[in-house]
Amino acid sequence: MVNLFKILLLLGLGYALVVGLMFVTQDRLVYMPSSTISGTPERVGLDYEDVHLTAEDGVRLHGWFLPGPNDDSPVLLFLHGNAGNIGHRLHSLQQFHELGMAVLIIDYRGYGRSAGRPDEQGTYADARAAWRYLVEERAFPSEAVVLFGRSLGAAVAADLATEVQPGAVILESAFTSAADLGARHYPWLPVRALLRHQYDALDRVERIKAPILLAHSREDEIVPFSHTERLQAVAPDARVLEMQGGHNDGFLATGEAYIEGLRTFLQEAGLSLASP
């Protein structure tokens, strides 16, 4: 009996240690930034400008602005996922260029050449800084701005879309909330009690007034397609574009159907897309 008690005590202490470690190190699981930008749009034949922004709390951010084919081309604000930096999104920049759009892509604080350390409210502030840059400094009409977020970036884009009025919102491989996703991957942990970064996209999506496209693959091994189904349930007017492939390559695996799906949605949302 004594030995059993000791075993249970050791198991309990071990579990408590793991839980404590996960709480302390959770930022490393949520954010996986890289400071080395291995390639620029020039590598794939695209013109671009380095952009330096300042978030409302004074954090300096870096990004790229890629001009569209015409002066009146709509612009896509690209909010990327939780890993790497803008240099890992060159294929997507090519695709958006093919759609005939200008693009602004930024690195969140702590990513690439952006200063600071990432956290939930900080990423929201970074997205607001990018929006202000487009509508105030670049003088894009708000209805000509498309918010695009992939994975973690979808939650950031959804938050921004509740504060501004873009022409359209594209949420790709989106999760309902970080807590829902964490509970799926770590069912043996009290994720909802531990998590400091909520990223509650479900709450935001139902408050978005702009046209919404939910792009997702049923083969996604990280964010189940059921998350998109739940998002559509609270935003029944949202369109769904079913992709192929996994979480990190669906936009490539889907091929031309991905490009045409985006094009159809944007045109139906009233955006004029020119050939690049």
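None of the figures in this text is laboratory data; all of them are computed from the coordinates on show. None of the values given here were measured: they were computed from a predicted structure. We place every Cβ from the backbone using ideal geometry, glycine too, and count neighbours over all the protein chains shown.
Projecting the Cα atoms of Ala215, Thr162, Met32 onto the charge dipole of the chain (Cβ charges, centred on the Cα centre) puts Met32 farthest toward the positive pole. Counting only DSSP beta bridges whose two residues both lie in the chain, roughly 30 percent are antiparallel.
In this Cβ point-charge picture (+1 for Lys and Arg, -1 for Asp and Glu), the stretch 39-268 has a dipole of about 580 debye about its Cα centre. Charged neighbours of His247, selected by a Cβ distance under 9 Å, balance to -4 (K, R count +1; D, E count -1).
All other residues whose Cβ lies under 13 angstrom from that of Gln232 are scored, Lys and Arg at +1 and Asp and Glu at -1, for a net of -2.
Amide H to amide H distances under 5 Å link Glu219 with Gly245, where only residues 5 or more positions off or on other chains count and H is placed in the peptide plane.
Summed over qualifying helices (DSSP H, 4 residues or more, each -39500 (n - 2.57)) and divided by its residue number, the chain shows a 222 nm mean residue ellipticity of -11000 deg cm²/dmol. If you plug the beta carbon distance of Thr264 and Gln121 into 1/(1 + (r/R0)^6) with R0 = 45 Å, you get a FRET efficiency near 0.80. Distances between placed amide hydrogens fall under 5 Å for Gly116 paired with Gly110, all partners being 5 or more residues away or on another chain. Using θ = phi - 60° in the Karplus curve 6.51 cos²θ - 1.76 cosθ + 1.60, the 3J(HN,Hα) couplings for the stretch 256-267 round to 5, 4, 5, 4, 5, x, 5, 4, 4, 4, 5, 5 Hz; x is entered for Gly and Pro. Residue by residue, the stretch 131-138 carries 3J(HN,Hα) couplings of 4, 4, 4, 5, 8, 9, 7, 8 Hz when phi is fed to the Karplus relation 6.51 cos²θ - 1.76 cosθ + 1.60 (θ = phi - 60°); x denotes Gly or Pro.
Specify whether the C-alpha gyration tensor of the stretch 49-178 places it in the rounded, prolate or oblate class, a ≥ b ≥ c being the square roots of the eigenvalues: rounded for a/c under 1.5, otherwise prolate if a/b is larger than b/c and oblate if not. Rounded shape, in that the Cα axes give a/c under 1.5.
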